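The values are calculated or read from the model by the stated rules, or taken from the named source; none is laboratory data. What you are looking at is a predicted structure, and each value in this text was computed from that prediction instead of being measured. Glycine gets a Cβ as well: all are built from the backbone with ideal geometry, and neighbour counts include every protein chain shown. For accessibility, only protein heavy atoms count, side chains too; no ligands or nucleic acids. Shrake-Rupley method; radii C 1.70, N 1.55, O 1.52, S 1.80 Å.
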Amino acid sequence: MISKSGVALAGVLMAAVLAAPHAAFAKADLPGDPNALITDQFIRDVREWLANPVVALSITSQNKLRTDMTQDQIDAADQQWRAEREAEDQPLVAAILTNPLSSYLTQVQARSGGMYAEIFVMDAVGLNVGQSSITSDFWQGDEAKFQNTYPNGPDAVFIDEAEYNENADAWLAQLNMTMSDADRQPIGAVTIEVNLNELARRRGL
């Protein structure tokens with residue numbers, strides 16, 4: 001026969017067991033200000049792999065193809081992308097995700113060891129040219145990541161506010177920059193979603 005104290009102890013142990021899984025998903029602490037963590041050196045390192053010829057060539061090629069695109073056509077392409085995300089037939093999504101630039105960005109993300117959560121490159125109107133994973137939309141031209149970079153010249157850098165990602169159990173912040181050609185003429189933009197917890201860990205913070 002189990003005593004009342006034994007029953008009470010069992011209840012406490014059961015509560016501890018049930019609570020244990022939730023502890024594993026405790027919200028990670030924000031390691032610091034994204035603008036302080038993403039240093040000038042970090043940005044220079046990013047620019048090094050963005051200097052791969054496939055990046056500028058892909059943006060320039062898409063700019064030529066879409067030079068006469070109207071806003072209605074841009075909106076239609078964005079709507080098509082959103083619809084294809086839920087469909088079996090995905091011609092537009094597949095064309096972007098399987099192109100050489102997307103393949104390169106996927107490799108860069110994989111080699112980062114968790115530092116980069118997502119990478120995507122945009123053309124001169126804010127449409128995706130290549131990406132490491134499927135994005136929720138195709139057109140970024142109406143968002144801060146594009147509006148605070150491409151229109152502001154070749155050296156524009158915009159670091160957005162950090163957001164907590166439950167799946168990664170980490171704080172992420174988007175590093176956004178203008179992409180330029182060899183003559184320093186803006187041709188598009190890039191967004192790199194940075195894992196701030198991983199960045200801080202590597203710095204011993």
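Some observations on this one:
- Kyte-Doolittle mean at least -1.0 and Cα axial length at least 27 Å: DSSP H helices in the chain: 4-24
- Listed peptides 131-137, 163-169, 187-193 appear in the order 187-193, 131-137, 163-169 once ranked by packing, highest mean of other Cβ atoms within 10 Å at the front.
- Taking the chain as a Gaussian network of alpha-carbon nodes connected by springs under 10 Å, the highest mean-square fluctuation of the residues THR106, THR60, THR39 belongs to THR39.
- Max mean-square fluctuation residue, GNM over the chain, Cα-Cα springs under 10 Å, options GLY141, GLY126, GLY113: GLY113
- Mean projection of the Cα convex hull over all viewing directions, computed for the chain: 16.5 nm².
- Trypsin sites (Lys or Arg not before Pro) lying in DSSP loop within the range 113-205, provided at most 12 other Cβ fall within 10 Å: ARG184, ARG203
- Rounded to the nearest 10 square angstrom, PHE120 shows an accessible area of 10 square angstrom against a 1.4 Å probe.
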